[in-house]
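Colleague: My questions will all concern the structure given below.
The values are calculated or read from the model by the stated rules, or taken from the named source; none is laboratory data. Source: prediction; values computed, not measured. Virtual Cβ from ideal backbone geometry, glycine too; neighbours counted across all protein chains shown.
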Amino acid sequence: MLDEIQKDAQDRMNKTIAILEEGFSKIRAGRAHPSLLEQIQVEYYGSIVPISQVSNIVAEDSRTLKVTPWEKEMVAVIEKAILTSDLGLNPQTMGQVMRIPLPPLTEERRRNLVKVVKEEAEQAKIAIRNIRRDANSDFKDLLKEKEISEDEERKAEENIQKITDDHIKSVDDKLHHKEGSLLEI
């Protein structure tokens, strides 16, 4: 029973870290990467789909993305979606191919992105601590129902704390790495 609670908590903490990594990957550090456009949605035959499902997106070089829609009529739709997104990108359409030059990040924009990254990391830490709290609550319930002893509860809480500390350290490491890549010119 205790092992199941600990495994569940660890799995949930791992998912929190995965979500954090996904969020970090969407924050660009000045280099072109196809994942930058992942959150952009376009209308395709009445459905809203991610841009990657209606086009091919590649990094042409470190500062340029190339978007090639699979259907000619999607060029204008994709271009409008990119322009109206909050990414501040301006696609240049040449026939059926769009090139999206990425402007260099200013020092102020880099500092703002660092603040955003720190906020995401803090949210991940809060989520991890909430998972720890839930697990500890489950342990207390088991103790109250006399299914485990006080020593078992204390040992389980110590194990959850170790797991929590490891995941918090992982969040801090990922934050430090992302800050470094954002501030690097």
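Colleague: Output the qualifying pairs, or none if there are none: Cβ atoms under 6 angstrom, residues six or more apart or on different chains, first residue in region 57-76 and assigned by TED's automatic domain parsing to the domain that holds GLY95, second residue surrounded by fewer than 14 Cβ atoms within 10 Å (Cβ to Cβ) and of a type in the set (A, V, I, L, M, F, W, C).
Modeller: LYS66/VAL58
Colleague: Within region 46-79, can you find the residues that are outside any strand (DSSP E or B), under 22 Å from the mean Cα position of the chain (by Cα) and surrounded by 13 or more Cβ atoms within 10 Å (Cβ to Cβ)?
Modeller: Of everything in region 46-79, those that are outside any strand (DSSP E or B), under 22 Å from the mean Cα position of the chain (by Cα) and surrounded by 13 or more Cβ atoms within 10 Å (Cβ to Cβ) turn out to be ILE51, SER52, ARG63.
Colleague: Of LYS146, LYS178, LYS162, LYS174, which residue is outside the structural domain of ASN56 (by TED's automatic domain parsing) and on the phi > 0 side of the Ramachandran plot?
Modeller: Unique residue meeting the criteria: LYS146.
Colleague: Further question: Can you tell which of LYS7, LYS15 is within 17 Å of the chain's Cα centre (by Cα), at negative phi and modelled with pLDDT of 90 or more?
Modeller: Selected residue: LYS15, the only one of LYS7, LYS15 that is within 17 Å of the chain's Cα centre (by Cα), at negative phi and modelled with pLDDT of 90 or more.
Colleague: Give ILE148, ILE168, ILE131, ILE126 a once-over and let me know the one that is out of contact with any strand residue (DSSP E or B) (no Cβ under 9 Å at 6 or more places or on another chain) and assigned to a loop (DSSP other than H, G, I, E, B).
Modeller: ILE148 is the lone residue from the list that is out of contact with any strand residue (DSSP E or B) (no Cβ under 9 Å at 6 or more places or on another chain) and assigned to a loop (DSSP other than H, G, I, E, B).
Colleague: Within region 33-49, can one find any residue that is within 16 Å of VAL97 (Cβ to Cβ), out of contact with any helix residue (DSSP H, G or I) (no Cβ under 7 Å at 6 or more places or on another chain) and not small (Gly, Ala, Ser)?
Modeller: yes
Colleague: Considering every residue within region 80-93, establish whether at least one is at pLDDT 90 or above, hydroxyl-bearing (Ser, Thr, Tyr) and more than 21 Å from the chain's Cα centre (by Cα).
Modeller: The answer is no; no qualifying residue exists.
Colleague: Let me ask you something else. Given the residues LEU143, LEU175, which is the only one that is surrounded by 18 or more Cβ atoms within 10 Å (Cβ to Cβ) and assigned to a helix (DSSP H, G or I)?
Modeller: LEU175
Colleague: Among the residues of region 13-45, write down those that are buried (at least 16 other Cβ atoms within 10 Å of the Cβ) and either among the polar types (S, T, N, Q) or in a strand (DSSP E or B) (or both).
Modeller: THR16, VAL42, TYR44
Colleague: In addition: How many residues, within region 150-172, are farther than 21 Å from ILE17 by Cβ, surrounded by 11 or more Cβ atoms within 10 Å (Cβ to Cβ) and among the acidic types (Asp, Glu)?
Modeller: 3
Colleague: Could you say whether any residue in region 101-123 is in contact with a strand residue (DSSP E or B) (Cβ under 9 Å, 6 or more places away or on another chain), free of Cβ contacts under 8 Å to residues at least 40 places away in the same chain and within 30 Å of VAL54 (Cα to Cα)?
Modeller: Yes, the conditions are met somewhere in region 101-123.
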